[in-house]
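**Q** There's a structure below that I have some questions on.
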Amino acid sequence: AEVGIAPAGRLRPVSEAGVLSLVASIGELGVMKDPIHVRRVPHRGGALELMAGGHRLEAARRLGWTDIPATVWTCSDDWAHLVEIDDNLGGSELGALDTAVFLAARKRIYEKLHPEAAS
């Protein structure tokens, strides 16, 4: 994937500690465990927008990598937000407040996509 990817509307900022940890791990092992997830945004000229993997992307930038593993999606804004939320819920050690924010956002988006599930 191109390293010039735009991180748009992220729910959680990239933490310096998280990036430094990944830089050390990737620098030692020479491999990035999981690909980042991006999508092509037609109304922005097909630009790539980051959906999941902000820490991985920043670590790759700091290591001077110009190519990194990525999964490229074509999807709606809502689907992109669900990918970001699920990536963070599944892979990060979130505090109670961050977990609550992510779960509330996921519920809101899910009910928007599936109104029959709203309570």
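The values are calculated or read from the model by the stated rules, or taken from the named source; none is laboratory data. Fair warning: this is a prediction, and the values are worked out from it, not measured in the lab. Cβ sites come from the backbone with ideal geometry, for glycine too, and all protein chains shown count toward neighbours. The accessibility values were calculated without ligands, DNA or RNA, using every heavy atom of the protein model including side chains. Shrake-Rupley method; radii C 1.70, N 1.55, O 1.52, S 1.80 Å.
**Q** With the checklist (1) farther than 22 Å from Arg106 by Cβ; (2) in a helix (DSSP H, G or I) in hand, flag the one item Val72 doesn't pass.
**A** Unmet condition: (2).
**Q** OK, next. Of the residues that make up segment 32-46, is at least one open to solvent by less than 50 Å² (accessible area, probe 1.4 Å) and at pLDDT below 80? Give the derivation first.
**A** Restricting attention to segment 32-46, the residues satisfying the condition of being open to solvent by less than 50 Å² (accessible area, probe 1.4 Å) are 32, 35-39, 41, 46.
Now narrow it down to the ones that are at pLDDT below 80: 46.
Yes, segment 32-46 has at least one match.
**Q** Something else about it: Among the numbered criteria (1) under 18 Å from Val14 (Cβ atoms); (2) without any contact (Cβ under 8 Å) to a residue 12 or more places away in the chain; (3) part of a helix (DSSP H, G or I); (4) among the charged types (D, E, K, R), which single criterion is violated by Asp86?
**A** (2)
**Q** Is there a residue in segment 89-103 that is among the small types (Gly, Ala, Ser), under 15 Å from the mean Cα position of the chain (by Cα) and not in a helix (DSSP H, G or I)? Step through it out loud before you land on a result.
**A** Looking only at segment 89-103, we keep the residues that are among the small types (Gly, Ala, Ser), and these are 90-92, 95-96, 100.
Imposing the further condition that a residue be under 15 Å from the mean Cα position of the chain (by Cα) reduces the set to 90-92.
In the following step, the residues that additionally are not in a helix (DSSP H, G or I) were identified as 92.
Yes, segment 89-103 has at least one match.
**Q** Go through segment 6-30 and report how many residues are open to solvent by less than 80 Å² (accessible area, probe 1.4 Å), of a type in the set (A, V, I, L, M) and modelled with pLDDT of 75 or more.
**A** The qualifying residues number 7.
**Q** Go through segment 104-119 and give me each residue that's surrounded by fewer than 13 Cβ atoms within 10 Å (Cβ to Cβ) and under 18 Å from the mean Cα position of the chain (by Cα).
**A** Scanning segment 104-119 gives a single hit, Ala104.
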